[in-house]
Amino acid sequence: MSLFNVGFVIFPQLTQLDFTGPLQVLARLPASATHIVAKSEVPVPSDCGLGLVPTHTFATCPPLDLICVPGGNGVVGAIGDRETIEFVRRQAATAKYVTSVCTGAFVLGAAGLLNGRRATTHWAYAELLPLVGATHEKARIVKDGNVITAGGVTSGIDFGLAVVAEIAGETVAQAIQLGIEYDPAPPFDCGHPDRAPEAIKAMLAARYESARTGVRAAISRSPTL
């Protein structure tokens, strides 16, 4: 029996929890192998100072059954990087599941993988999805064919569990959930803009407006769109 190959595409200044959340879940998928893929074997800096060590380069990565692209500020650079986009497109052509977390959706979009698809991303960037041919669906996880997109950051854990349930069954997914004690009970009911106070959203407005401008500009300059 061949292993189910799971691959995460990483790039400088990605949001580490976009990557490490679903990684922690999917690495426990039975009969699977996990691949952490980057342009080179050089450690990749995340947005919080944590260095991430690839296991494979684009050239040495085997065919993936599931490819996942995380998000973060580094998405701006990834969108404009032809090697990254071509790798994602090439692997997606044969993968059973083509997936993203947070703004990683725009890397899928730059590779032409969201045309005509329903998708989600971090709430602050949802308005940009039509720029890559997608229709925003307001949900934490959106599945359209073999394309699965997750919302912002922590949504990646939910996504990982949902994918495990589809591949290996709910019992396995529930065992993984219990094993990692994923039982969220946040101290504040402020994790979604529909529930967050206006004052809190106002605190983030300038930050996200600047970030959206960067993503919008990267999409407009993309050599593949």
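The values are calculated or read from the model by the stated rules, or taken from the named source; none is laboratory data. Just so you know, these numbers come straight off a predicted model, no measurement behind them. Methodologically, a virtual Cβ is constructed for each residue, glycine included, from the backbone with ideal geometry; neighbour enumeration extends over all protein chains shown. Please note that ligands, DNA and RNA were not included when accessible areas were found on the heavy atoms of the full protein model with its side chains. Shrake-Rupley method; radii C 1.70, N 1.55, O 1.52, S 1.80 Å.
What the table below lists for this structure:
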| read-out | value |
| --- | --- |
| Residue count, the range 135-149 (criterion: within 22 Å of ASP194 (Cα to Cα), open to solvent by less than 10 Å² (accessible area, probe 1.4 Å) and among the hydrophobic types (A, V, I, L, M, F, W, C)) | 1 |
| Entirely in the range 20-128, the strands (runs of 3 or more DSSP E) that have 1 or more residues that are surrounded by fewer than 24 Cβ atoms within 10 Å (Cβ to Cβ) and in contact (Cβ under 8 Å) with a residue 60 or more places away in the chain | 97-101 |
| Evaluation of VAL164 against (1) loosely packed, with under 11 Cβ neighbours inside 10 Å; (2) within 23 Å of the chain's Cα centre (by Cα) (one fails), failing number | (1) |
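For every residue, the table says whether it meets (1) within 30 Å of PRO30 (Cα to Cα); (2) of a type outside the set (A, V, I, L, M); (3) assigned to a loop (DSSP other than H, G, I, E, B); (4) modelled with pLDDT of 95 or more.
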site: GLN177; (1), (2), (3), (4): yes, yes, no, yes
site: TYR182; (1), (2), (3), (4): yes, yes, yes, yes
site: GLY191; (1), (2), (3), (4): no, yes, yes, yes
site: ALA206; (1), (2), (3), (4): no, no, no, no
site: THR213; (1), (2), (3), (4): no, yes, no, yes
site: ALA218; (1), (2), (3), (4): no, no, no, yes
